[in-house]
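Q: This is the structure, below, for whatever I ask next.
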Amino acid sequence: MSELKDIGITTRKEDDFSEWYTQVVTKAGLIDYSPVKGFIVLKPYGYRIWEIIKESLDKKLKESGHQNGFLPILIPESLLSKEKDHFKGFTPEVFWVTKAGDTILPDKLAVRPTSETLAYQIFSKWIMSYRDLPLKINFWNSALRAEIKSTKPFIRNSEFLWQEGHTVHENQQEAEEEVLLILNYYHSIIENFLAIPTLKGIKSEREKFVGALYTNTLESLMPDGKALQMATSHNLGQNFSKPFEIRFLGRDSKQYFAWQTSWGISWRLIGALIMIHGDNKGLILPPKIAPIQVVIVPIFKKKDRAIVIEESKKLFAELNSFDLRITVDDREEYTAGWKFNDWEIKGVPLRINIGLRDINNNNLEIVRRDTGEKMSIKRKDCINSLHVYLDQIQKSLFEKAKIIQNNNIVKITNYDEMKKLLNEKGGFILADWCEKEECENNIKIETGADIRLIPFEKYPSDNKCIYCNENSKKTVIFAKAY
RNA sequence: GGGGUUGUGGUCUAGUUUGGUAGGAUACCAGCCUCGGGCGCUGGGGACCGUCGGUUCAAAUCCGGCCAACCCCA
């Protein structure tokens, strides 16, 4: 097998994780590189994964009264700088448009790093009274943040696809409910569709979204021991409504500043998907997110070609009437063996092998991508078996990932031990923290790890800050992060 | 932010030390074939050697700038 060097994945996940990731992303046909640093091209197969994520979230958002809109990509500097913390946080990575043709623009324009400021300037015009609230709008777009140094497809790019939701409410409680509702949507999609276990919590002051009151987050652990932020949902309080003057006439005929939220997920989720589930043969996609859930591969000698292709197409037509994403690989130019490998790199969860042998016996061979298991089934049981196996794969991918994540959440009470663990294998480190930013900063400097989240789940506290030994009531999760 | 590696048909690469205009594999196209794990055979097409400049009679090769990708560390 090792002489098949430059066709398949040539590095093992456990030997060189970074190199493995790069190979899977390109060889599975998800992306290509663009000529501009930090920008990637999403190929149809990769884009389809994003579409499926998008469709599943979009449905939930619409069901709960959110509407989609579209905002332009350019934001005047004066607007971007209106909320001071926000501006300071984003300005180092903003792309600026300074010319229109040969004309130098008198006021430079920011290419959106995120749309709060633009959206809220507009919202202030739309909102007059409590009758205009709540306003719940979502934007499926891209955001641009200059990544000068290190980039990684899906994980760190200068432009990324995402959605940003922005809501405006009458009171704080409604904003709080919104932020949690969305966090739960994200949680459900990530665990039930992407089959990635993820932890819910809140960000520390240091790590929260600049300009927010607080930031809720979902964090997952990658196989190399680093954390990846999967989603964020911010309660903005009145921090933006004041500078942007989003005021409304209340039910008591008095003027109030509105309460706001913003939230987003990005194509980073695709990066997580690859890292968590992939193996040394390539991608493994959970059925619910797979652009192709089942591939039919006809196997034939030339003289039998017509029969086998015809049977394959008949099978395809039958199965296609069910709610399945399915395709038949009738390409003549490749051998069956070649196709097996091809679909394995692409991570298609189930493959049906059909040859003359199977046709004569009224059988089909089903192969699971995640385990490699081959099963012979009766042709008439096909649709049932497919559903059963797809279900099993979806569950088993999640369970496997869950066990790994749980094994790597480690309670630590000794700082040296923490440093050692972070250095050797990483992981989620449960430790107590006194809530002083100084300790948080020092830990970051000395270990490279920061507080990924203050988990909603309560863990037993040992009442002493891991760094300064002073009183603590909070157990938080530290990790190195992407 | 600091350091390192790399760039040659679509892909992987030889050639660079010691300058003389590029060779292979794979992929592609045509035709055969016994297509159940990246088959085999015959023939064919495809290269501004990342880019810009310098040195030279002559540059993939030497020198410099730039662009891009990858890796490690903060």
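Q: Can you find a residue in segment A:60-73 that is open to solvent by 50 Å² or more (accessible area, probe 1.4 Å), over 27 Å from A:E245 (Cβ atoms), modelled with pLDDT of 95 or more and in contact with a strand residue (DSSP E or B) (Cβ under 9 Å, 6 or more places away or on another chain)?
A: yes
Q: Residue by residue through segment A:408-431, note down the ones that are under 19 Å from A:I276 (Cα atoms) and within 13 Å of RNA strand B (Cβ to nearest atom).
A: Correct list: A:K425, A:G426.
Q: Please specify each residue of segment A:431-454 satisfying the condition of being among the aliphatic types (A, V, I, L, M), surrounded by fewer than 20 Cβ atoms within 10 Å (Cβ to Cβ) and assigned to a helix (DSSP H, G or I). Write out each step before concluding.
A: If we filter segment A:431-454 for residues that are among the aliphatic types (A, V, I, L, M), which is where we start, we get A:431, A:443, A:445, A:449, A:451, A:453-454.
If we keep only those that are surrounded by fewer than 20 Cβ atoms within 10 Å (Cβ to Cβ) as well, we get A:445, A:454.
If the condition is that a residue be among the aliphatic types (A, V, I, L, M), surrounded by fewer than 20 Cβ atoms within 10 Å (Cβ to Cβ) and assigned to a helix (DSSP H, G or I), then A:I445 is the only one that fits.
Q: Give all pairs with beta carbons closer than 7 Å in which a residue from segment A:8-21 that is among the small types (G, A, S) meets a residue that is near RNA strand B (Cβ under 7 Å from one of its atoms) and at pLDDT below 90; count only pairs at least 6 apart in sequence or on separate chains.
A: Pairs that qualify, where the first residue is among the small types (G, A, S) and the partner is near RNA strand B (Cβ under 7 Å from one of its atoms) and at pLDDT below 90: there are none.
Q: Something else now. How about segment A:378-429: which of its residues are among the β-branched types (V, I, T) and buried (at least 19 other Cβ atoms within 10 Å of the Cβ)?
A: Answer for segment A:378-429, where residues must be among the β-branched types (V, I, T) and buried (at least 19 other Cβ atoms within 10 Å of the Cβ): A:I393, A:I412, A:I429.
Q: Among A:E399, A:E417, which is the only one that is in the same structural domain as A:E457 (by TED's automatic domain parsing), of a type in the set (D, E) and free of Cβ contacts under 8 Å to residues at least 12 places away in the same chain?
A: Within the list A:E399, A:E417, the selection yields A:E417.
Q: Shifting gears a bit: Among the listed residues A:S220, A:S204, A:S241, which satisfies the condition of being surrounded by 23 or more Cβ atoms within 10 Å (Cβ to Cβ) and within 18 Å of A:R452 (Cβ to Cβ)?
A: Exactly one of A:S220, A:S204, A:S241 is surrounded by 23 or more Cβ atoms within 10 Å (Cβ to Cβ) and within 18 Å of A:R452 (Cβ to Cβ), namely A:S220.
Q: Let me ask something else about it. May I ask you to verify whether A:Y256 is within 16 Å of RNA strand B (Cβ to nearest atom) and open to solvent by 10 Å² or more (accessible area, probe 1.4 Å)?
A: Details: within 16 Å of RNA strand B (Cβ to nearest atom): no; open to solvent by 10 Å² or more (accessible area, probe 1.4 Å): yes.
Taking the combined requirement at face value, the residue does not satisfy it.
Q: Also: Which pairs do you get when a residue that is in a helix (DSSP H, G or I), found in segment A:98-124, comes within reach of a residue that is open to solvent by less than 40 Å² (accessible area, probe 1.4 Å) and of a type in the set (S, T, N, Q), reach meaning Cβ atoms under 8 angstrom, with the pair 6+ apart or on two chains?
A: As it stands, the answer is A:E116/A:S262; A:Y120/A:S241; A:Y120/A:Q260, since those pairs meet every condition given.
Q: For a quick check of your reading of the model, give me the residue pairs whose first member lies in segment A:35-56 and is in contact (Cβ under 8 Å) with a residue 40 or more places away in the chain and in the same structural domain as A:A146 (by TED's automatic domain parsing), whose second is of a type in the set (G, A, S) and within 16 Å of RNA strand B (Cβ to nearest atom), with beta-carbon atoms closer than 7 Å and at least 6 apart or on different chains.
A: From residues that are in contact (Cβ under 8 Å) with a residue 40 or more places away in the chain and in the same structural domain as A:A146 (by TED's automatic domain parsing), the pairs are A:G38/A:S158; A:F39/A:S158; A:I40/A:S34; A:Y45/A:G29.
Q: Please go through segment A:457-482 and pick out each residue that is more than 16 Å from RNA strand B (Cβ to nearest atom) and either among the basic types (K, R) or open to solvent by 70 Å² or more (accessible area, probe 1.4 Å) (or both).
A: Result: A:E457, A:K458, A:P460, A:N463, A:K464, A:N469, A:E470, A:N471, A:K473, A:K474.
Q: Can you work out which of the residues in segment A:155-185 that are acidic (D, E) and assigned to a helix (DSSP H, G or I) is surrounded by the most Cβ atoms within 10 Å (Cβ to Cβ)? Please lay out each step first, then the result.
A: Just the residues of segment A:155-185 that are acidic (D, E), to begin with: A:159, A:164, A:170, A:174, A:176-178.
Narrowing the set further to residues that are assigned to a helix (DSSP H, G or I) leaves A:174, A:176-178.
Working: A:E174: 16, A:E176: 18, A:E177: 12, A:E178: 24.
Applying the filter and picking the extreme gives A:E178.
Q: Could you run through segment A:336-377 and say how many residues are open to solvent by 80 Å² or more (accessible area, probe 1.4 Å), more than 23 Å from A:Q23 (Cβ to Cβ) and in contact with a strand residue (DSSP E or B) (Cβ under 9 Å, 6 or more places away or on another chain)?
A: So the count comes out to 6.
Q: Select from segment A:327-369 the residues that are free of Cβ contacts under 8 Å to residues at least 40 places away in the same chain and among the β-branched types (V, I, T) and write down the one among them that is farthest from RNA strand B (Cβ to nearest atom).
A: So, considering only residues that are free of Cβ contacts under 8 Å to residues at least 40 places away in the same chain and among the β-branched types (V, I, T), the one farthest from RNA strand B (Cβ to nearest atom) is A:T327.
Q: Would you mention how many residues in segment A:267-320 are touching a helix residue (DSSP H, G or I) at 6+ places or on another chain (Cβ under 9 Å), over 17 Å from A:L350 (Cβ atoms) and more than 16 Å from RNA strand B (Cβ to nearest atom)?
A: Result for segment A:267-320: 3.
Q: Still on this structure, I have one more. So is A:L319 hydrophobic (A, V, I, L, M, F, W, C), modelled with pLDDT of 90 or more and in a helix (DSSP H, G or I) or not?
A: In short, yes.
Yes/no matrix, rows are residues, columns are (1) at pLDDT 95 or above; (2) touching a Gly at 6+ places or on another chain (Cβ under 8 Å):
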{"residue": "A:L386", "(1), (2)": "yes, no"}
{"residue": "A:N408", "(1), (2)": "yes, yes"}
{"residue": "A:F428", "(1), (2)": "yes, no"}
{"residue": "A:Y459", "(1), (2)": "no, no"}
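Q: Please list, ordered by residue number, the strands (runs of 3 or more DSSP E) wholly in segment A:234-299 having 2 or more residues that are within 30 Å of A:F398 (Cα to Cα). First the steps, then the outcome.
A: On the way: elements: A:247-249, A:255-257, A:259-266, A:294-299.
In segment A:234-299, the matching strands (runs of 3 or more DSSP E) lie at A:259-266, A:294-299.
Rundown of residues vs (1) open to solvent by 10 Å² or more (accessible area, probe 1.4 Å); (2) at pLDDT 95 or above; (3) in the same structural domain as A:L350 (by TED's automatic domain parsing), yes/no style:
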{"residue": "A:L283", "(1), (2), (3)": "no, yes, no"}
{"residue": "A:K288", "(1), (2), (3)": "yes, yes, no"}
{"residue": "A:P298", "(1), (2), (3)": "no, no, yes"}
{"residue": "A:K303", "(1), (2), (3)": "yes, no, yes"}
{"residue": "A:V308", "(1), (2), (3)": "no, no, yes"}
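Q: Turning to a different aspect of this structure: How many residues does segment A:167-226 contain that are among the hydroxyl-bearing types (S, T, Y), closer than 24 Å to A:E83 by Cα and out of contact with any Asp or Glu (no Cβ under 7 Å at 6 or more places or on another chain)?
A: 3
Q: Can you tell me which condition A:S233 does not meet? The list is (1) surrounded by 23 or more Cβ atoms within 10 Å (Cβ to Cβ); (2) of a type outside the set (D, E, K, R); (3) within 13 Å of RNA strand B (Cβ to nearest atom), and all the others hold.
A: (3)
The values are calculated or read from the model by the stated rules, or taken from the named source; none is laboratory data. As the structure is a computational prediction, the values presented were derived from the model and not from experiment. Backbone-built Cβ (ideal geometry, glycine too); neighbour counts: all protein chains shown. Note: accessible area is taken over every heavy atom of the protein model, side chains too, but ligands, DNA and RNA are not part of it. Shrake-Rupley method; radii C 1.70, N 1.55, O 1.52, S 1.80 Å.
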